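The values are calculated or read from the model by the stated rules, or taken from the named source; none is laboratory data. Here the structure is a predicted model, which is why all the values come from computation and not from measurement. Here the Cβ is made from the backbone with ideal geometry for all residues, glycine too, and neighbour counts use every protein chain on show.
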């Protein structure tokens, strides 16, 4: 007697017929046989429904599960521009469609992606952090782009920013990634690398400080979204956003709403070089040691200060933080 094909065990018709054949051997009255046929029919139908439901679940999960768009820094992917919005006079929020509505871009909080383009016969690459909304990260990605206009010193302006500024709806760009030296894993845990080839070291923090200069706030947004969606009460975060004027503040409304909604976990403060409004209620002047001391978590215990912005600002903040007794392992600059 051969071994039955394993696939038969998933066929409700085979199961029903098998039960009926064997039932004739052990049921010795017409009534018992009639009752057994009814029972077998019910069991076979139930198994058929169960198998069909399991198959439906597998198919549905396959086609609706999140799929990451990016496959590596050396694997470019084309995405299409579907909308463009002015955030400030010189900053744009560009939205690109991903391959399907179920795709996510696949950039962990703290990481970034590369945009590559051929501009004036030269291959240019710049790095950006996607800033999708708190619950809005499937089917598209948003990039925050600072536009650098032409100047006497740089007649072409910022090569990549000018290229992105002049994209038309329907145009495609090439992206790759993710990449980066820091990744927020959740529940206060950061994986941090000393260099791209080194293994990450996990650091658990209870208090986070963020200093963002201009569009540098884009690096902070994904971390804040993930952190504030967690059920844990820690880590707590203080963010300083520094800009030229209040009209240059990027995503200020979004940050203020986040701070209002999560008062027990997030504080936000803005400082500008030259306020325009007379009733400006936040800070004036550059970020210095005094402001860092007042707004950053104290340099003790499990603390991490994140810096992102112009190099001059980042270097000055590092020096001020060291003077306030923050150690190197407490500071990370994007």
*From the list 178, 101, pick out the single residue that is farther than 21 Å from residue 214 by Cα and part of a loop (DSSP other than H, G, I, E, B).*
101
*What are the pairs, 6+ residues apart or on separate chains, where a residue within the range 70-91 that is under 7 Å from residue 177 (Cα atoms) has its Cβ under 6 Å from a residue that is assigned to a strand (DSSP E or B) and modelled with pLDDT of 95 or more?*
70/177; 70/178; 73/176; 73/177; 73/179
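Being assigned by TED's automatic domain parsing to the domain that holds residue 316 and either touching a helix residue (DSSP H, G or I) at 6+ places or on another chain (Cβ under 6 Å) or more than 18 Å from residue 297 (Cα to Cα) (or both) narrows it down to one of 174, 232, so name that one.
Testing whether each residue is assigned by TED's automatic domain parsing to the domain that holds residue 316 and either touching a helix residue (DSSP H, G or I) at 6+ places or on another chain (Cβ under 6 Å) or more than 18 Å from residue 297 (Cα to Cα) (or both) leaves just 232.
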*Of all the residues that make up the range 226-283, how many are in contact with a strand residue (DSSP E or B) (Cβ under 8 Å, 6 or more places away or on another chain), surrounded by 15 or more Cβ atoms within 10 Å (Cβ to Cβ) and in a helix (DSSP H, G or I)?*
9
*For the range 145-175, what are the residues that are in a strand (DSSP E or B) and either within 17 Å of residue 91 (Cα to Cα) or at pLDDT below 95 (or both)?*
145, 146
*Can you tell me which residues in the range 300-320 are within 28 Å of the chain's Cα centre (by Cα) and within 16 Å of residue 288 (Cβ to Cβ)?*
305, 307, 309, 310, 312, 313, 314, 315, 317, 318
*State which residue pairs qualify: first residue touching a residue at least 12 places away in the same chain (Cβ under 8 Å) and assigned by TED's automatic domain parsing to the domain that holds residue 79 and inside the range 116-129, second residue exposed (fewer than 14 other Cβ atoms within 10 Å of the Cβ) and assigned to a strand (DSSP E or B) in any location, beta carbons under 7 Å apart, and separation of 6 or more residues or different chains.*
116/123; 116/125
*Could you list all residues from the range 284-297 that are in contact (Cβ under 8 Å) with a residue 24 or more places away in the chain and outside any loop (DSSP other than H, G, I, E, B)?*
289, 291, 292, 293, 295
*Hey, among the residues in the range 210-225 that are over 11 Å from residue 306 (Cα atoms) and assigned to a helix (DSSP H, G or I), which one's farthest from the chain's Cα centre (by Cα)?*
214
*asked:* Tell me the residue from 142, 132 that is at pLDDT below 95, crowded, with 16+ Cβ neighbours inside 10 Å and more than 16 Å from residue 166 (Cβ to Cβ), please.
replied: 132
*Please give the number of the condition residue 300 fails out of (1) under 18 Å from residue 207 (Cα atoms); (2) touching a residue at least 24 places away in the same chain (Cβ under 8 Å); (3) surrounded by fewer than 16 Cβ atoms within 10 Å (Cβ to Cβ).*
(2)
